[in-house]
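Have a look at the structure below before the remarks.
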Amino acid sequence: MTEKQAHIRNFSIIAHIDHGKSTLADRLLEMTSAVAHRDMEEQLLDNMDLERERGITIKARAVHLNYRASDGQEYEFNLIDTPGHVDFGYEVSRSLKACEGALLVVDATQGVEAQTLANAYLAIDNDLEIIPVINKIDLPSADVEKVRAEIEDIIGVSAEGCPAVSAKAGINIEQVLEHIVTDVPPPQGDPDAPLKCLIFDSYYDSYLGVVVDIRVFDGTVRAGDRIRLMSTEKCFDVVSVGVLTPFGIRETESLSAGDVGYITASIKTVGDTRVGDTITTETDGADEPLPGFRRAQPMVYAGIYPADGARYGDLRDALEKLRLNDASLAFEPETSVALGFGFRCGFLGLLHMEIIEERLEREFNLDLITTAPSVIYKIVTRTGEVRMVDNPSSYPSPDEIEQALEPMVKADVITPTEYIGGLMDLCQERRGEFIDMKYIDADRVELHYILPLNEIIYDFFDALKSRSKGYASLDYTFSEYRPSKLVKLDFLLNGEQVDALSFIVHEEKAYPRARKIAQKLKDNIPRQLFEIPIQAAVGAKIIARETVKAMRKDVLAKCYGGDITRKKKLLEKQKEGKKKMRKLGSVEVSPEAFMAVLKLDDES
Amino acid sequence: MTNHKAGLYIHVPFCAKKCAYCDFYSLSGRADVMDLYLSALVREIDGYRRQERIEIDTVYFGGGTPSPLGAGRLAAILDAVVEVFSLSTDSEITTEINPVTDSLSLQRDLKAAGFNRISVGVQSTSDAELSALGRPHTAAEALDALAHIRAAGFENFSADLMYAIPGQSTASFQKTLSDVLSFDPPHLSVYGLIVEPGTSFFDRRDALSLPGDDAERDLYDLCCSTLEQAGYEHYEISNYARPGRRCLHNLKYWRLSPYIGCGPAAHSFFDGVRYANRADLDAYLTAPLSLRYTEERPTPRDLAEEYAMLGLRLKEGISLSRFRRMSGHDFAYTAKEAERRCISAGYMTEVGDRLALTEEGFYVSNAILAELSGD
């Protein structure tokens, strides 16, 4: 270990959502550098408005801090922020890989939650030194000793003497810094060995181009070096290297084994810099990449359409811009008879999908129509061909299918004991397979289920929250594909199939879903001049029907001389309104009504 | 069919009390300026004096309510009209009255002054409904007014009725109909209540217990069948008449005939221009001719559209050849399939040159018009 390495500490902060990770990060920044309190934007690490509003961190970032410890020596800290949601599990794991230690923040009033556990296990798997930090001790309901015991019992790490802090009130933050110095091991690695850097994030900056956040494990990288990305074998020239400080970017002469920082190179798109990939030099490079690389695969697909068909081009531009910063966002054009031109988009999970939708609407001022999310089904056809189907419209007809498989996830639910019954009901209803149940303490349990992912994307999270008054938490990881009895459910208005409403569902769920959606269509399609029959069908078989009765009143009762110009305008407005309608076959439906039908509020 | 003589509308912007649903221009408590209004109105009428006098064959006094002006002032206005316009001898001369300012002597004086048609705002014969509407009169006063009209010897008159009133039941609407039918009125106008912006109803619309579309439609259907049985012709969406007793003045609006409106907030369609007076009584009193503004100079195409929009309000419907002459193309030529569906669904009939909505079609006429516009 070099002298320099002995004074480096690379660490992450991991926590369940809302346990105060970002606030703690703020305090660490405040204490270590001269970030004046008044100059500091709350939660500095989170760059995007949306992240701040939702209190979640979407993109990981690394920040370089200097700290003079009580031993009188100067240390370099690299704080690597991690996303806190299950959708970004792989990104979390890569961020952790870049560290030697992790602060595990646990809310003193809530205790250990599903994501605390999931993230803690990830950290343990990556051989990180874990420093528990019990936060929010200023709250009246804080129970530090109980949480301390929980951390030891459930996670199995020692919490004796761990810092108990209030990040919000700035209590005991110094202790956290000292623990980082004493407990987090300094990085290893040989600065003179062939270069090996781990990419744990990348983003597009309009001035710098693609900025790649890296951890150097071996070797040294400088501006002018010719580097090679080992998964793609693509080579680039390094333009600059440096670190991100709370004040912005600071170029350095080099980054070497143990360092965390950024490089810019002649890289055009973040698609080339996959998180988890290894960077080495073009010549005399490393023989083997760092282990554990895989491409982040979208798990959830949905069609996204502009509410106003004329804005298709704007939507495409917006998606392209978002993809600059988000290599896990996949999209390709698709056409729907009902909705016109749009895109089939792939997301890591439902939250990722929501974030993308919100950013499209907020940052690009687009009104969207989003079809029901779908998972990727694996279909083995009679001819032995295997097809991955992410779009109900390309689902083969039943007589072509030899076997249909659907993705299953391993789900961990942590809940106060009083909600066990309700949540087990929920998991059973959602075709869950019970694995086991572990008592965390007298009040809380951890439930383990294997669940079909298509049940989770159908409003599972909201149902979980509503049945546990918000106390239960969920974490899931992909487990496997399993054979399943799936059917494609179609809807017909006026006898014409509406492609955008079709979805894949388990055979047993087909009837209730069909009835429910038919009912919703009936409630949301405004009455029109002619009666509209609504039918739900599996193949040629109609399994539910409703009728939207013909409208009975749409009239200007009084129309005399004085009003004629005004009345004419009223009618013209009505015609304008008609133009905004989406034609679903011969039926006109407003974008709002369409969205209301697709909204997955199964619990209400 | 087309009548080239104009209609004359006189807007009287006074009323005893503003009703909760009324969005016409009218003011209460301005009795002090009635004489000033009269002279301003006479000046405006005088502005229509031509070498060759403009021919008119209907005169209609509306408001507000003309009756607070008193028979003397109403007669003076008619005198001015006769002096300026060429008024046909068989003209229809109507005034609206409000039961609260009605009396037998008023009716006799109106008859003597030359009015030959009265339109009385009955609205309902339930006191509870009248007070919900903010009407200033009772049911008894309304029925008295009908009796006075008869007693004064008017052969032609109309009663205005309303349904979809907050708190109204089917039975009470039925009672209103039969109470009024006992006077055998030659004409009835029956409107579903519309909650218009700018009225006191609109401001508290969420607190009103208004019937839904279905309940309102049931009342409309009840009205149609009751009046049909009683021998009335349902000649416009909201208007019913004994043979020969249709309102000739209002027909001018629906048939795209010319009309001149005098008084603040009155609208005109004359010499091919739609124009109007601003709704400002005080300005009107001092400079009646200064309030006029042009609303629209309809192109032939606009006129064709108006012809369809207005003509399809009438049982007689529109002449397809007249529409073609006006617009240069066939009616609904971009929406032939929709037209066919409307006919087969019983919303519309096409007989020879005439296309018309049925009673079924009347109450969804907006949607039909939107459907037939095709784009």
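The values are calculated or read from the model by the stated rules, or taken from the named source; none is laboratory data. Because the structure is predicted, anything quoted here is derived from the model rather than measured. Cβ: placed from backbone, ideal geometry, glycine included. Neighbour counts: every protein chain shown. Accessible surface areas use protein heavy atoms only, side chains included; no ligands, DNA or RNA. Shrake-Rupley method; radii C 1.70, N 1.55, O 1.52, S 1.80 Å.
Observations, loosely collected:
- Any hit, the stretch A:168-186, residues being surrounded by fewer than 20 Cβ atoms within 10 Å (Cβ to Cβ) and farther than 30 Å from A:GLN110 by Cα: yes
- In the stretch B:311-335, the residues that are within 12 Å of B:PRO300 (Cβ to Cβ) and surrounded by fewer than 17 Cβ atoms within 10 Å (Cβ to Cβ): B:ARG324, B:ARG325, B:GLY328, B:HIS329
The rows are residues; the columns are (1) under 28 Å from A:MET595 (Cα atoms); (2) open to solvent by less than 20 Å² (accessible area, probe 1.4 Å); (3) out of contact with any Pro (no Cβ under 6 Å at 6 or more places or on another chain).
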{"site": "A:GLY242", "(1), (2), (3)": "no, yes, yes"}
{"site": "A:SER266", "(1), (2), (3)": "no, no, yes"}
{"site": "A:ASP277", "(1), (2), (3)": "no, yes, yes"}
{"site": "A:ASP317", "(1), (2), (3)": "yes, no, yes"}
{"site": "A:GLU320", "(1), (2), (3)": "yes, no, yes"}
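- Pick from the stretch A:422-444, criterion crowded, with 17+ Cβ neighbours inside 10 Å and either modelled with pLDDT under 90 or hydroxyl-bearing (Ser, Thr, Tyr) (or both), ranking: nearest to A:ASP459 (Cα to Cα): A:ARG444
- The residues of the stretch A:529-549 that are within 8 Å of another protein chain (Cβ to nearest Cβ) and either open to solvent by less than 30 Å² (accessible area, probe 1.4 Å) or among the charged types (D, E, K, R) (or both) amount to a single one, A:LEU529.
- Considering the conditions (1) assigned to a strand (DSSP E or B); (2) under 25 Å from A:ASP277 (Cβ atoms), A:ILE355 is excluded by exactly one of them, (1).
- Residue, farthest from the chain's Cα centre (by Cα), within the stretch B:59-91, restricted to residues that are open to solvent by less than 40 Å² (accessible area, probe 1.4 Å) and among the β-branched types (Val, Ile, Thr): B:VAL84
- When A:LEU571, A:LEU501, A:LEU529, A:LEU492 are checked against the criterion of being of a type in the set (A, V, I, L, M) and closer than 30 Å to B:ILE10 by Cβ, A:LEU571 stands alone in meeting it.
- Every residue from the stretch B:258-310 that is at the interface with another protein chain (Cβ under 9 Å from one of its Cβ atoms) and either hydrophobic (A, V, I, L, M, F, W, C) or open to solvent by less than 10 Å² (accessible area, probe 1.4 Å) (or both): B:TYR259, B:GLY261, B:ALA265, B:ALA266, B:SER268, B:PHE269, B:ARG274, B:ALA276, B:GLU306, B:MET309, B:LEU310
Each row is one residue, and each column tells you yes or no for (1) within 19 Å of B:THR58 (Cβ to Cβ); (2) more than 10 Å from chain A (Cβ to nearest Cβ); (3) under 14 Å from the mean Cα position of the chain (by Cα); (4) not in a loop (DSSP other than H, G, I, E, B).
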residue	(1), (2), (3), (4)
B:SER189	yes, no, yes, yes
B:GLU196	no, no, no, no
B:ARG205	no, yes, no, no
B:SER209	no, yes, no, no
B:GLU216	no, no, no, yes
B:LEU222	no, yes, no, yes
B:LEU227	no, yes, no, yes
B:LYS252	yes, no, yes, yes
B:LEU256	yes, no, no, no
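- Restricting attention to the stretch A:584-604, the residues that are surrounded by 14 or more Cβ atoms within 10 Å (Cβ to Cβ), charged (D, E, K, R) and either modelled with pLDDT under 70 or not in a strand (DSSP E or B) (or both) total 2.
- Qualifying residue in the stretch B:304-324 (condition: over 28 Å from B:TYR240 (Cβ atoms), outside the structural domain of B:LEU38 (by TED's automatic domain parsing) and either in a loop (DSSP other than H, G, I, E, B) or aromatic (Phe, Trp, Tyr) (or both)): no
- Meets criteria (of a type outside the set (A, V, I, L, M), surrounded by fewer than 19 Cβ atoms within 10 Å (Cβ to Cβ), within 30 Å of A:GLN403 (Cβ to Cβ) and in contact (Cβ under 8 Å) with a residue 60 or more places away in the chain) for A:GLU496: no
Here's the yes/no breakdown for (1) at pLDDT below 95; (2) within 17 Å of A:GLN528 (Cβ to Cβ); (3) more than 14 Å from chain A (Cβ to nearest Cβ):
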{"residue": "B:ILE318", "(1), (2), (3)": "no, no, yes"}
{"residue": "B:TYR333", "(1), (2), (3)": "yes, no, yes"}
{"residue": "B:GLU337", "(1), (2), (3)": "yes, yes, no"}
{"residue": "B:ARG341", "(1), (2), (3)": "yes, yes, no"}
{"residue": "B:GLU350", "(1), (2), (3)": "no, no, yes"}
{"residue": "B:LEU355", "(1), (2), (3)": "no, no, yes"}
{"residue": "B:ALA367", "(1), (2), (3)": "yes, yes, no"}
{"residue": "B:ALA370", "(1), (2), (3)": "yes, yes, no"}
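- Some residue of the stretch B:337-353 being touching a helix residue (DSSP H, G or I) at 6+ places or on another chain (Cβ under 6 Å) and under 20 Å from B:SER257 (Cβ atoms): yes
- Residues in the stretch B:225-270 that are aromatic (Phe, Trp, Tyr) and touching a Leu at 6+ places or on another chain (Cβ under 9 Å): B:TYR232, B:TYR235, B:TYR240, B:TYR253, B:TRP254, B:TYR259, B:PHE269.
- Selected residue (only one of B:THR294, B:THR358 is of a type outside the set (A, V, I, L, M) and either more than 24 Å from B:SER189 (Cβ to Cβ) or assigned by TED's automatic domain parsing to the domain that holds B:VAL59 (or both)): B:THR294
- Evaluating A:SER586 against the criteria (1) within 14 Å of chain B (Cβ to nearest Cβ); (2) among the hydroxyl-bearing types (Ser, Thr, Tyr); (3) over 30 Å from B:ASN239 (Cβ atoms); (4) touching a Lys or Arg at 6+ places or on another chain (Cβ under 9 Å) leaves one unmet condition, (4).
- Hey, A:GLY219 over 29 Å from A:MET31 (Cβ atoms) and surrounded by 21 or more Cβ atoms within 10 Å (Cβ to Cβ) or not: yes
- Where B:ARG53 falls short, out of the listed (1) within 14 Å of another protein chain (Cβ to nearest Cβ); (2) surrounded by fewer than 20 Cβ atoms within 10 Å (Cβ to Cβ): (1)
- Qualifying position, being in the same structural domain as B:PRO185 (by TED's automatic domain parsing), touching a His at 6+ places or on another chain (Cβ under 9 Å), in contact (Cβ under 8 Å) with a residue 12 or more places away in the chain and open to solvent by less than 10 Å² (accessible area, probe 1.4 Å), among B:SER158, B:SER124: B:SER158
- Verdict on A:ARG344 being among the basic types (Lys, Arg) and open to solvent by less than 20 Å² (accessible area, probe 1.4 Å): yes
- Only one entry of A:LEU139, A:LEU122 meets the criterion of being touching a residue at least 12 places away in the same chain (Cβ under 8 Å), assigned to a helix (DSSP H, G or I), of a type in the set (A, V, I, L, M, F, W, C) and open to solvent by 10 Å² or more (accessible area, probe 1.4 Å), and that entry is A:LEU122.
- Boolean, B:GLY346 is more than 14 Å from chain A (Cβ to nearest Cβ) and among the small types (Gly, Ala, Ser): no
- Filtered by the rule that a residue be buried (at least 21 other Cβ atoms within 10 Å of the Cβ) and part of a loop (DSSP other than H, G, I, E, B), the stretch B:164-185 gives B:ALA164, B:ILE165, B:GLN168, B:PRO185.
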